[in-house]
Amino acid sequence: MAVTPANATTSRASRIEAALLALGIIVLVALPFFIYPIFVMKMMCFALFACAFNLLLGYTGLLSFGHAAFFGGAAYFTAHAVKEWGVGPEIGILIGVIGAAVLGVIIGFFAIRRQGIYFAMITLALSQMFFFFCVQADFTGGEDGIQGVPRGNFLGLLDLQDPHAMYYFVMANFLLGLFCVWRIVNSPFGMILRSIRENESRAISLGYSVQNYKLAAFVMSAALAGLAGAVKALVFQFATLTDVAWQMSGEVILMTLLGGIGTLVGPIFGAGFVVALQNMLATSAFPVTIATGLIFMICVLVFRRGVVGEIYAWLERRNTGNR
Amino acid sequence: MSARPIWGRSMPDTPLLSVRGLNAWYGESHALHGVDLDINEGETVTLLGRNGVGKTTTLRAIMGLVRKRTGTISFAGRDLMSLPLHHTARAGIGYVPEERGIFATLTVDENLMLPPVVAEGGMSVREIYDLFPNLEERRSSPGTKLSGGEQQMLAIARILRTGVKVLLLDEPTEGLAPVIVQRIGDLLETLKKRGMTILLVEQNFRFASRVADRFYLMEHGKVLSQFPVGELESRMDELHDVLGV
Amino acid sequence: MIFGIPIQAFAGQLLIGLINGSFYAVLSLGLAIIFGLLRVINFAHGAQYMLGAFIGYLMLAHFGITYWPALILAPLVVGLFSVVVERFALSRLYDVDPLYGLLFTFGLALVIEGVFRYYYGVSGNPYPVPTLLAGGTNLGFMFLPIYRGWVVVASLVVCLGTWLLLEKTQFGSYLRAATEDPKLVQAFGVNVPLMLTLTYGLGAGLAGFAGVLAAPVYQVSPLMGQNLIIVVFAVVVVGGMGSILGAIVTGYMLGLAEGMTKVFYPEASNIVIFVIMAIVLLLRPAGLFGRDA
């Protein structure tokens with residue numbers, strides 16, 4: 001996909017990202033003492049979800065319209081494992097991530113057969129199929145979802161019912177997920193993904209088995225989206241159909257697009273903004289879907305690079321202008 | 001179209017099509033560096049030059065297909081630079097692209113009828129099919145099922161219907177058998193007799209010398225020299241040098 | 001009895017399948033026309049379908065405009081609205097990646113559906129069957145509600161009409177040629193930007209028409225197009241968007257397949273089209289009628 005991601009590889013941009021990240025971690029550590037922790041935990045879950053999604057869109061050029069299946073699917077798997085099998089949170093999350101990865105293999109296997117717009121439609125259709133499966137399957141609890149999921153004790157030691165303990169547990173998962181994304185993007189594997197995004201036929205002619213790389217990227221993205229969904233199920237102690245519905249797939253696209261496709265911090269910013277906006281609108285009469293739709297339209301028409309992407313582009317321009 | 005058409009609005013001494021300082025870009029790559037051309041009414045002018053010197057780009061920029069361009073292009077006293085793409089043809093300029101542009105999902109008939117008539121004086125479908133009996137035989141088969149030569153004939157024929165007064169013709173003989181090249185030469189001579197003004201891009205200057213009144217020799221996105229057909233023999237060394245033949 | 005199923009039940013489900021197929025056909029036809037020329041996947045297609053139904057409903061409720069005039073007027077309103085959208089927004093996206101067109105129309109769908117949901121809630125509003133088509137007739141092996149028969153006939157007529165427009169008229173040959181090479185067609189003097197606008201209006205108008213047609217069958221609700229559009233996407237993937245006729249045929253076929261599944265294995269009727277899509281992707285990735293790889 002010839003999207004115009006900000007050039008995230010420039011050293012200037014990556015220096016800014018490193019600085020922002022360091023600052024972000026300090027703020028994150030201190031935040032629960034100032035803000036309602038569950039709100040920040042929600043932000044972290046969605047930020048990780050968006051970063052996982054961006055791994056696919058921003059660095060491989062594949063627009064998945066079905067990422068809710070991995071996010072919401074993992075939430076179900078984790079919730080079920082923790083509640084019905086009585087496993088600890090760490091095992092529960094692991095089960096969620098593995099489940100999401102397996103789903104990723106299945107959906108990815110079909111979707112990578114087509115490109116571009118077709119890829120988007122196929123992922124959407126297959127995730128809708130998974131949605132109907134969740135509506136009908138027994139273990140998901142149908143319309144009610146899985147409620148009253150216990151948070152349990154981390155490694156049998158740390159009681160996650162304690163809000164601060166839970167907060168730092170979520171933060172650790174969030175940072176672990178981000179580290180994975182960062183590691184993948186900056187590995188030789190990530191380089192190959194980017195060369196596929198830039199010019200697929202050239203990557204093929206260079207001898208890369210593009211289909212395998214795409215599938216691998218798809219599965220990694222699905223697994224990380226699963227991590228976000230699994231953690232979210234523990235934070236809110238439930239898993240419902242909302243998280244597997246196509247609207248959720250739309251939301252994560254919006255977060256990434258708004259923040260900046262192909263930037264590391266863009267999706268985090270986008271997720272933060274969208275979650276905060278939803279929180280604000282929840283108490284007003286203005287419908288969230290209209291706001292979401294309007295932001296989509298404005299973003300596509302006016303700033304396709306996203307907020308963070310536009311800032312990078314502006315810095316870049318100013319930089320070259322000074323030379 | 002037997003009588004001299006009504007297009008003779010331009011003054012006798014001013015060229016029908018006049019290009020000055022034409023620059024054109026494909027994205028970042030600068031393809032034309034100030035091309036100057038003049039074509040008088042009823043004249044056939046040929047652009048010569050090696051591959052990649054900007055001959056096709058010159059045609060596409062005149063047509064408006066290349067939008068990133070500067071300079072002036074005036075046609076019968078009218079400025080073409082400011083027109084949207086679909087107004088160039090309506091002003092009276094027809095274009096036959098190098099790749100011929102025959103549409104696969106259209107029949108021969110539909111391909112023929114595709115370009116809208118822009119002025120009176122074009123050929124009727126009857127006249128065209130009399131001129132190209134092969135096309136009439138295959139009028140309901142898909143355009144791209146025709147042979148290369150037939151496709152070229154169709155690409156020219158459909159422009160003749162429209163009543164344009166200038167024909168921009170890009171390498172009509174490329175990849176065609178000598179017999180077909182001969183037929184295209186005949187066709188161009190017929191058009192000339194009917195008063196059509198032709199701007200021809202051609203690698204094969206032997207072919208071009210049969211129909212052209214004047215030549216422009218291009219190199220590196222500029223016009224190197226121009227000369228009438230009579231000087232062709234005396235300029236052979238220069239031509240061999242520039243064209244590398 | 002057929003395979004142990006009473007013939008009435010079998011024929012009844014087949015009819016429901018055929019009716020769903022009628023809507024799939026008209027909707028995927030519109031999507032294919034728009035995609036062919038604009039290279040945009042119109043995610044707002046489901047919202048435009050809903051818009052057609054809702055405009056028909058509001059015309060009846062507030063102005064007493066009955067079914068027959070609404071069947072013409074509502075698609076016109078949807079088409080005009082979409083023409084404005086194309087002119088001021090979509091036309092700015094032709095030079096960028098087609099995925100942005102998808103995302104823009106996705107946002108548009110959210111806004112349209114959100115607005116109607118805000119004002120009219122999510123519950124369905126019944127729309128009466130026009131008196132001319134009320135009642136039913138006994139075919140011997142089944143009872144056929146006349147309106148349902150009309151849906152099938154009307155959709156066939158519209159599909160055929162659209163096909164004739166594309167295959168047999170000058171506008172159609174401009175459109176087919178512009179699908180192959182829009183710049184060259186414009187260089188011939190055809191106002192291609194205007195054609196893009198009209199084509200988007202036509203495709204959206206078809207969706208609006210399907211919406212009015214659907215109003216007496218399903219209830220009129222702001223969310224009626226939401227899930228439908230995803231199924232239609234699957235239809236389009238199965239058919240491949242290269243062929244107009246392919247889109248129509250695939251629409252009816254998949255509707256019937258869905259109806260059959262309801263008879264034999266009702267649990268899977270929601271997902272059978274997606275399953276067929278997956279199988280087609282394995283065997284013929286370009287789609288049954290697809291030309292593009």
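The values are calculated or read from the model by the stated rules, or taken from the named source; none is laboratory data. This structure is a prediction, so every number in the text was calculated from the model and none was measured. All Cβ positions, even for glycine, are placed from backbone atoms using ideal geometry, and neighbour counts span all protein chains on display.
Counting only helices (runs of 4 or more DSSP H) that fall entirely inside the range C:99-201 and contain at least 2 residues that are closer than 25 Å to C:Tyr57 by Cα, the qualifying elements are C:146-168. Exactly one residue out of C:Gly161, C:Gly136, C:Gly172 is in contact with a strand residue (DSSP E or B) (Cβ under 9 Å, 6 or more places away or on another chain) and either within 10 Å of another protein chain (Cβ to nearest Cβ) or of a type outside the set (S, T, N, Q) (or both), and it is C:Gly136. In the set B:Ile128, B:Ile159, B:Ile198, B:Ile184, which member is within 14 Å of another protein chain (Cβ to nearest Cβ) and either among the β-branched types (Val, Ile, Thr) or part of a strand (DSSP E or B) (or both)? Checking each option against the conditions leaves just B:Ile159. Restricted to the range A:289-323, and to residues there that are loosely packed, with under 15 Cβ neighbours inside 10 Å and not charged (D, E, K, R), the residue that is farthest from the other protein chains (Cβ to nearest Cβ) is A:Asn322. Residues considered: B:Val108, B:Val96. Of these, the only one that is away from chain C (no Cβ under 11 Å), crowded, with 20+ Cβ neighbours inside 10 Å and of a type in the set (A, V, I, L, M) is B:Val108. Scanning the range B:228-245 for residues that are outside any helix (DSSP H, G or I) and free of Cβ contacts under 8 Å to residues at least 60 places away in the same chain yields B:Pro228, B:Leu232, B:Val245. Residue count for the range B:38-69, restricted to those that are in a loop (DSSP other than H, G, I, E, B) and over 23 Å from B:Asp213 (Cβ atoms): 7.
Yes/no per residue for (1) closer than 26 Å to A:Pro37 by Cβ; (2) surrounded by fewer than 21 Cβ atoms within 10 Å (Cβ to Cβ); (3) in contact with a Gly (Cβ under 6 Å, 6 or more places away or on another chain):
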position	(1), (2), (3)
A:Ser221	no, no, no
A:Gly270	yes, no, yes
A:Gln278	yes, yes, no
A:Pro287	no, yes, yes
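What's the total number of residues in the range B:70-124 that are assigned to a helix (DSSP H, G or I), touching a Ser or Thr at 6+ places or on another chain (Cβ under 9 Å) and under 21 Å from B:Tyr26 (Cα atoms)? Adding up the residues that qualify gives 0. Every condition in (1) among the aromatic types (Phe, Trp, Tyr); (2) surrounded by fewer than 21 Cβ atoms within 10 Å (Cβ to Cβ); (3) in contact (Cβ under 8 Å) with a residue 60 or more places away in the chain is met by B:Phe215 except one, and the failing one is (2).
The set of residues in the range C:238-255 being surrounded by fewer than 19 Cβ atoms within 10 Å (Cβ to Cβ) and modelled with pLDDT of 90 or more consists of C:Val249 alone.
Within the range C:80-98, if we keep just the residues that are at the interface with chain A (Cβ under 10 Å from one of its Cβ atoms) and either among the β-branched types (Val, Ile, Thr) or not in a helix (DSSP H, G or I) (or both), the residue that is surrounded by the most Cβ atoms within 10 Å (Cβ to Cβ) turns out to be C:Val85.
All conditions but one from (1) crowded, with 23+ Cβ neighbours inside 10 Å; (2) part of a loop (DSSP other than H, G, I, E, B) apply to A:Gly207; the one that does not is (1).
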